[in-house]
Amino acid sequence: MKVSKCTFRAGLGLLMWAVSGSALADDNDLLARVAECERLDHGEPHQALDIGEALLDQLTLSQDPVLYLRTVGCVSWAQANLGLRAEAEAGADLIAAALDRVDSLHARLSLMRREAALRHRLGNLAESIDVLADALLLAEQHDERRVMIDLLTALGAQHSEDRLYDRAIAHYLRALSLVDPEDEPRQALPIRFNLGLTYRNAERFDEAVEVLEGLIEPLSNWPGMEVRLASLFNVLASIRRELGDFDAAEAYSDQAIGLHETLDNSIEYTSVLIERAYLSLARQAPEQALEWATQALAEARRSEFFQTLGAALNLNVRVLSELGRHGDALVLERERAELVETHLRERERSRLTELEARLGSERQVRELEQLRQARELDALVLQRQRLTIMLVAVIALFGVIALYWLRRTNRRLYRLSRTDPLTGLRNRRALTERLTAVGQDRSGNRHVVMLIDLDYFKAINDSHGHDTGDEVLVAAARKLEKFASRHQGVAGRWGGEEFALIVPVESAEQARKMAQTLGQEIASLRVTGRRGEAVGVSASIGFAPIGTRAPDAEQAPWEPALLIADLLLYKAKRAGRRRCVGVWPGDKNQTLHPRDIDRADSRARLRLFEDPLPSP
C-alpha cells in the first residue's frame, strides 16, 4: 500500500483505519524488515520502497504506531530520493499528524527527527527547523543525550544550508562533545562528515580536508555506507579542484564514479557527474566537460528531482555557452525556466491544502465526512449549511494557525534571545534577568555571583586554531552547566572567554570551597588540538555575594556584587592567574561597595579570600 498525498488529503483515513483479522506472524521479523528498509532507503531507494510497501500491506497504525510510522518514514525517504515529491510530502504529514499516538519518548523523538529530515530533503527548511527545535527542547528536558546529538547534527546541517556556518560549526562541536568515547567512531563519523562539509562551504579548505580525509578509512570499512563514501570522495574532489590540485581531484572523482557503478542513486550520482564536469572546465577542456554534463542531465532526468534537474540544466547551459552553442544553450535555459515556474506554481497551489491537512484534527475530519454524507442525502437543503460551516471552519482554522505560529515564533525568539549560540548556555541578557530575580528575593536565601575567565585563551587560539578554541569554550560550558545543576544554580556565558555562575550559598566558607572546586574541575578538562596535542585549560575566578539592596539608589541590588566580582577576577589575573579571589561581609545586612575592596584586609567586617588553583 503506497502512502499517497491524495489518501492523506481525503481525510487522514489511515489514522482511523484498523484492519481486523489474523495477528502478525512474527513481530521480530517485522522489526528486522523495517530496519532493513531504513538501511537501504538512502543508497538503494528502489529496494527500500519495495520492502516498505510490502510492510504497509501488513502493518496498521492501530496495531503498532511506531513500526507503522517508521515504515512510512522509510518509504517517504526512498520516494524523496526517487523524485516522488508529492508522495514523500504526504508521508511527512502523516508522521506529524499521528505523533500523538506514540507513547514512547525515544520513538517519538526519532520520528520527529525523521519528519524534520524529510521536510528538509523536500526543501521546506523553516518547517524542518521548527520540528527540530521542538524535538531538541523535548530531548533536553528528559536528558536524552544520544537524541540530542542527532538533533544538534541536524540543526547544524540546517544552519549550514542557510550559510550560518559559525552557528552550524558550533552545533557540530557541541554534538561531538556529547558523544560517548565508547560509541566512537560510528556515532561521531556522520557528525565529522557534516562538519567537514561546513568547513568546505565556509571556504576553510585546510580544516575541511583534515576532517574529511580522516573519514575515508572508517567509511571504507563500514558496510552499507558506499553512497556516503562516494559523497565523501566527491566533496574531496571539489575541494581539491578549488585548491587547484586537479590531479588529486580527478583521483577522488574516479573513486566516486567507480562506487556508483554498483549503486542506483540518481540524485547522488548526478552530483558526482556535475562535479566532474566542473573539473573539466577548470582544466580548460569544455568538450570533455560537455560529455560529463550530458551524462549528468540524463541521470537528473531519471531522478525527476527538482533541485538535481535544475543544477544539471544550469551546468549544461554554461558549458554549451562556453562552446559557442548558444542556440542549444537557450533551449535548455528555457526548459530550466519552465521547470522553476512549474515548481513554484505547484507549491503555491498545494500550500493551503497541505497546511490544513497538517494542522487539522481527527474531530474536524469526522465532521467534514458527516457533512459530505448529509449533502449526498439532501444536497439541496444542506448545501447552504455546509458552505456556512466550511466558511466558519476556515476562519477558525486560520485563527488557530495564526495563534499557533505566533506562539511558536515567540517561544523560539525568546529562547534564541537568551541563549549563547556557541555554547548553548544562557547569554548575558538571560543572566541579567536571573540576577534581577535574585536581587529581589526577600526570602532570606543568599546567592553568590562568580565570574570565571579562561586563562591565556588568546594563546590557545593562536597556537591551536580557533576551532580548538571553540572546543575549549564548549567543553568549559558543559562543565559549568553540570556544576550549576549540582548546586541548584545557573550558568551562562558573559562574553568572549568569560562565564558567570549564580548559585545559592549559606556561608563564606561554602562559597570559597565552591569556587576552588569549580577551578579544579575546569583544570581537569581534556581537550586535544588539531594534531592530537593536549591543550591545557585553567581559569581565574572572582566572586561576591549578592545583596538585597544597593549602596546607590540608581543601582540594582545585584550590580555592586557583579562589579566587585569583576574587580576580584582581575585581581586574580594580575596575581598570576589560576586562582580564585572572593570577598564576604561580616554582617549579612552589610551593603557592599566596590571601593571597600582595597580596605578589605584592614576591616574586620569585610573578609577577603585568595586561593591558588592547581595547574592543568
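Worth pointing out:
- Mean-position separation - Cα centroids, the range 206-224 and the range 238-314, in angstrom: 20
- Cleavage-rule hits (GluC sites (Glu not before Pro)) in the range 166-231: DSSP loop, at most 13 neighbouring Cβ within 10 angstrom: E203
- Cα shape, the range 32-92, gyration tensor, a/c 1.5 rule: oblate
- Residues with amide H under 5 Å from that of V449, placed H, sequence gap 5 or more: A544, I546
- Couplings for the range 278-283, taken from phi via the Karplus curve 6.51 cos²θ - 1.76 cosθ + 1.60 with θ = phi - 60°, read 5, 5, 5, 4, 5, 8 Hz in order; Gly and Pro are left as x.
- Under the combined filter of DSSP loop state and at most 15 neighbouring Cβ atoms within 10 Å, the range 296-337 retains these GluC sites (Glu not before Pro): E304.
- Vicinal HN-Hα couplings computed from phi for the range 227-240 (Karplus, 6.51 cos²θ - 1.76 cosθ + 1.60; Hz; Gly/Pro x): 5, 5, 5, 4, 4, 4, 4, 5, 5, 4, 4, 5, 5, 4
- In terms of surrounding Cβ atoms within a 10 Å radius of their Cβ, V66, V72, V438 rank from fewest to most as V66, V438, V72.
- For the range 428-612, the fraction of alpha-carbon pairs in successive 10 Å shells from zero, as %: 10, 38, 34, 14, 4, 0
- Trypsin sites (Lys or Arg not before Pro) restricted to DSSP loop in the range 128-233 with at most 15 other C-beta within 10 Å: R163, R186
- The range 207-250 - percent relative contact order, Cα under 8 Å, separation 6 or more: 30
- A cut-off of 5 Å between modelled amide H atoms, ignoring neighbours fewer than 5 places along the same chain, links A539 with D455, R578.
- Given charges at beta-carbon only (K, R positive; D, E negative), |dipole| of the range 428-612 in Debye: 320
- Each peptide in 80-92, 490-502 receives the mean, over its residues, of other Cβ atoms within 10 Å, and ordering these scores from highest gives 80-92, 490-502.
- Across K458/K573; K458/K513; K482/K571, pairs whose alpha-carbon gap is larger than 21 Å: K458/K513; K482/K571
Taken together, the values in this text are just the output of simple stated rules run on the coordinates, not laboratory data. Just so we're clear, the structure is a prediction, and the values are computed from it rather than from any experiment. Glycine gets a Cβ as well: all are built from the backbone with ideal geometry, and neighbour counts include every protein chain shown.
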